[in-house]
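Here's the structure, in C-alpha cells; my notes come after.
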Amino acid sequence: QRGAAVGSKTSSSRKTSLRGADTCESISELGSLELMSRDLGLAHYGPLKKSVSADSLNSVSSIGNNFGQDFTVGQVEVSMEYDAKAAALHVTLLQGKDLLEKEDTRFESCFMRISLLPAEQIVGISRIQRSAYAVAFDERFSIPLDPAALEEDSLRFSVFGIDEDERNVSTGVAELKLSDLDLTVRPFNAWLYLQDMNKTVDTVGEILLSLSYLPTAERLTVVVVKAKNLVWSNGKGTADPFVKVYLLQDGRKISKKKTAVKRDDTNPVFNEAMIFSVPAIVLQDLSLRVTVAESGEDGRADNTGHVLIGPAASGMGITHWNQMLATLRKPVSMWHPLRRN
C-alpha cells in the first residue's frame with residue numbers, strides 16, 4: 001500500500017523534471033556500505049564499493065524506444081502473508097490478465113501452478129480457467145514453511161496452457177525470492193509479470209541487481225552485484241566487462257554511473273552501489289537502463305546487452321520495480337536476462 005502511494009501518478013501541474021545535478025550524491029549519503037552489504041547477503045563477494053559517476057551522458061536524446069519488450073505473456077496478482085504461529089505461508093492467487101497470447105490458438109484453457117524453490121516442490125494448482133484474458137482466481141493455498149526457509153526459498157508462479165489433446169504446456173513464469181519480501185513484518189501484494197521462457201533464447205547473459213528506495217531521504221539505490229554467462233559482442237573470444245547504469249526520465253538520460261572494469265571475466269562480480277537522489281513525485285516517470293559493456297583498448301566500449309527496469313518496462317523489469325515500491329526501505333534483488341543490443 002505504501003508502495004502504491006509513493007508510486008502513484010502525479011498530476012501534470014505537479015510533475016517535476018530532474019536535472020543531472022539533482023542526482024549527485026556525497027559519500028556520506030551512501031550510509032553504511034557494510035550494513036547494506038549484510039542486508040543484501042553480499043558479504044561473501046567482498047566489501048560493497050561505491051560506483052563512480054560517468055564524465056558525461058554522451059547525449060540527451062530520447063532512448064525510450066531503443067529497447068525491445070521483455071518476453072511477457074500477461075500478469076497475475078498475488079498476495080502473501082506469513083503465519084508465524086502456524087509456521088505457514090498463505091498465498092492467494094487473486095486475478096490474472098492475458099495469461100496466454102491471443103495469437104496462440106493452440107490452447108483452449110489454462111491453469112496456474114505454484115512451486116517452492118529450490119526443491120521444485122509443487123505447493124498449489126489453480127482451477128482450470130476457460131478464459132485466459134480476464135481471470136478471477138480468488139484461490140488461497142497454505143504452505144507449511146519453517147521461518148528459516150523465508151531466507152532461502154523462492155516461489156515460482158507458472159501458467160500452463162492446455163491444448164486440444166489435453167497436454168499441459170508451460171507458457172509463462174514469474175519468480176519471487178521470499179527473503180526480499182519481509183513477510184514476517186507485513187503482508188505482500190503485487191502484480192507479477194510472467195516471462196515466456198520459450199522465447200528468451202536471444203539473451204547474452206544475466207545480471208543480478210538490487211534496488212531499494214528510501215522515501216525519507218528520497219534516495220534510489222542500485223547495487224550491481226554480478227553477471228554470469230556473458231556472450232561477447234561481435235564473436236569476440238574475450239573481453240573486459242563493466243556496467244553502465246542510466247537514470248531515465250520519460251526516456252531521456254538524466255544521470256549515468258558506471259562500475260569498475262573486470263578483466264577477461266564472463267562471470268564478473270562487481271558489488272558496487274549507485275545512489276540517485278530521486279523525489280517520490282517523479283518515481284513513476286523514471287526508469288533504469290542497465291547495460292553491460294566491453295572496455296576497448298582505444299577507450300571505446302562495445303555493448304554486450306541491456307535490461308530496462310521501471311514502470312515503462314515489462315516482464316522482470318516492471319516486476320522488480322513494483323517489488324521495490326511494495327517493500328520500501330528494504331533492498332530487493334533479482335536476476336535479469338540481458339537482451340542483445
From the C-alpha gyration tensor of the stretch 290-340, square roots of 5λ in Å: 28, 12, 8
In the stretch 229-325, trypsin sites (Lys or Arg not before Pro) in a DSSP loop with at most 14 other beta-carbon atoms within 10 Å: LYS236, ARG263, ARG300
Summed side-chain charge close to GLN75 - residues other than GLN75 whose Cβ falls under 10 Å, Lys, Arg +1, Asp, Glu -1: -1
Net lengthening on full extension, ARG329/ASN303 (0.36 nm per residue, minus Cα-Cα): 6.2 nm
Label-point separation in nm, ASP240 to ASP146, each point 7 Å along Cα→Cβ: 4.7 nm
Derived scalar couplings ³J(HN,Hα) [the stretch 81-92; Karplus, 6.51 cos²θ - 1.76 cosθ + 1.60; whole Hz; x for Gly, Pro]: 8, 10, 9, 5, 5, 8, 6, 9, 9, 9, 10, 10
Pairs beyond 22 Å (Cα-Cα), from LYS226/LYS262; LYS236/LYS262; LYS177/LYS257; LYS228/LYS262; LYS262/LYS330: LYS177/LYS257; LYS262/LYS330
Estimated distance in nm for a label pair at GLU120 and THR105, the labels positioned 7 Å out from Cα along Cα-to-Cβ: 3.5 nm
Computed label-point distance, nm, for sites ARG340 and ALA84 using a 7 Å Cα→Cβ extension: 5.0 nm
PHE111 accessible area, 1.4 Å probe, all protein chains in place, Å² to nearest 10: 20 Å²
Size of the stretch 203-339 as Cα extents on the principal axes (Å, biggest first): 45, 25, 23
Near-label residues of the stretch 170-192 by backbone N, under 12 Å of a point 7 Å along Cα→Cβ of GLU77: 189-192
12 Å beta-carbon shell around VAL292, net charge (K/R +1, D/E -1): +3
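The values are calculated or read from the model by the stated rules, or taken from the named source; none is laboratory data. Here the structure is a predicted model, which is why all the values come from computation and not from measurement. Glycine gets a Cβ as well: all are built from the backbone with ideal geometry, and neighbour counts include every protein chain shown. Protein only, heavy atoms only, side chains kept; ligands, DNA and RNA dropped before computing areas. Shrake-Rupley method; radii C 1.70, N 1.55, O 1.52, S 1.80 Å.
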